[in-house]
Amino acid sequence: MAPLRRPHPRGASAARLAAALAACLAAATIAAPRLARADPAEHDARLWAQATGRLGLGPRAAALLLVQVRLADDLARLERVLVSPALEATFGPLSLALGYDAHVVEWPRDAVEHRVFEQVALAHPLAGFDVAHRLRLEQRFAPHADGAALRLRWRLGLVRGLGGGPFSVELANELFVALDDRRPHARAGFDEARPYAGLRLDVGGGLRLETGYQLQYVSRPGRDAANHTWLVALALAR
């Protein structure tokens, strides 16, 4: 009888990598049945430009800020401006955050939506990738809504450097689940998915540039929306 062999380290790493990629794929395909509906989604070309900052306040605490501008209607209209400050506490690979989002919506109707969120994030290496999990609970206060609408968001991202240089690639997906139907025309359940593929450039000094493609698939009572979004981002950490 041939002796039993221990799994090769490369085989174990490949298995872990396959599991991570399978998780991303499984998350992305949750929305797939909607893509096959008889009533097709409405498609739009969009651009999101954003800047994020992180300022250390001590060994564990940091202040965060995100400012984002979104263009819609085939880039012809300003859709909204988003401003989001937050406070973060880090404990090794785990971080906790409490933040606020202001969504100043310009199109298709003028409105301001206020959001408060609680967030937990976990980062760890896996088979040559930097893996980042983020779970966020939002309380959304929208005009004409009865109280705060609750929504859960889960994001899984994989980042890998290219040849030891300043460039890296990122694959990610974020799922949104509405926990109630308090918002006008909203339904509890699957709300949105954002699969993403992009390129990063670490400039140095805590500065990073990012660009990539994101499909923002939004569940709506009538026809769903499939927004083909190009993302341009600048991130600074101090």
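The values are calculated or read from the model by the stated rules, or taken from the named source; none is laboratory data. Remember, predicted model here, so these are calculated numbers, not experimental data. When we count neighbours, we look across all protein chains shown, and the Cβ atoms used for this are built from the backbone with ideal geometry, even at glycine. To get the accessible areas, we keep the full protein, side chains included, count just its heavy atoms, and leave off ligands, DNA and RNA. Shrake-Rupley method; radii C 1.70, N 1.55, O 1.52, S 1.80 Å.
Magnitude of the charge dipole for the range 80-238, about its Cα centre and with charges confined to Cβ atoms of Lys, Arg (+1) and Asp, Glu (-1), is about 120 debye. Going by the alpha-carbon gyration tensor, a ≥ b ≥ c the square roots of its eigenvalues, is the range 112-167 rounded (a/c under 1.5) or, if a/c is not under 1.5, prolate (a/b greater than b/c) versus oblate? Taking the square roots of the gyration eigenvalues as a ≥ b ≥ c, the range 112-167 is prolate.
Rolling a 1.4 angstrom probe over the range 94-174 with all protein chains present gives an accessible area of which 67% lies on carbon and sulfur atoms. Amide H contacts of Arg182 (H built 1.01 Å from N, in plane; Pro and chain starts excluded): Leu150 sit under 5 Å, all sequence-distant by 5 or more or on other chains.
Take Val177, project a point 7 Å from its Cα along the Cβ direction, then tell me which residues of the range 101-128 have their backbone nitrogen under 20 Å from it. The answer is 116-122, whose backbone nitrogens lie closer than 20 Å to the label point.
3J(HN,Hα) along the range 89-100, derived from phi through the Karplus expression 6.51 cos²θ - 1.76 cosθ + 1.60 where θ = phi - 60°, amounts to 10, 10, 10, x, x, 9, 9, 10, 9, 10, x, 9 Hz, with x in place of Gly and Pro. Averaged per residue, the range 40-167 has 53 square angstrom of accessible surface, using a 1.4 angstrom probe with ligands and nucleic acids left out.
Applying a DSSP loop filter and a limit of 16 other Cβ atoms within 10 Å to the trypsin sites (Lys or Arg not before Pro) in the range 71-130 leaves Arg109.
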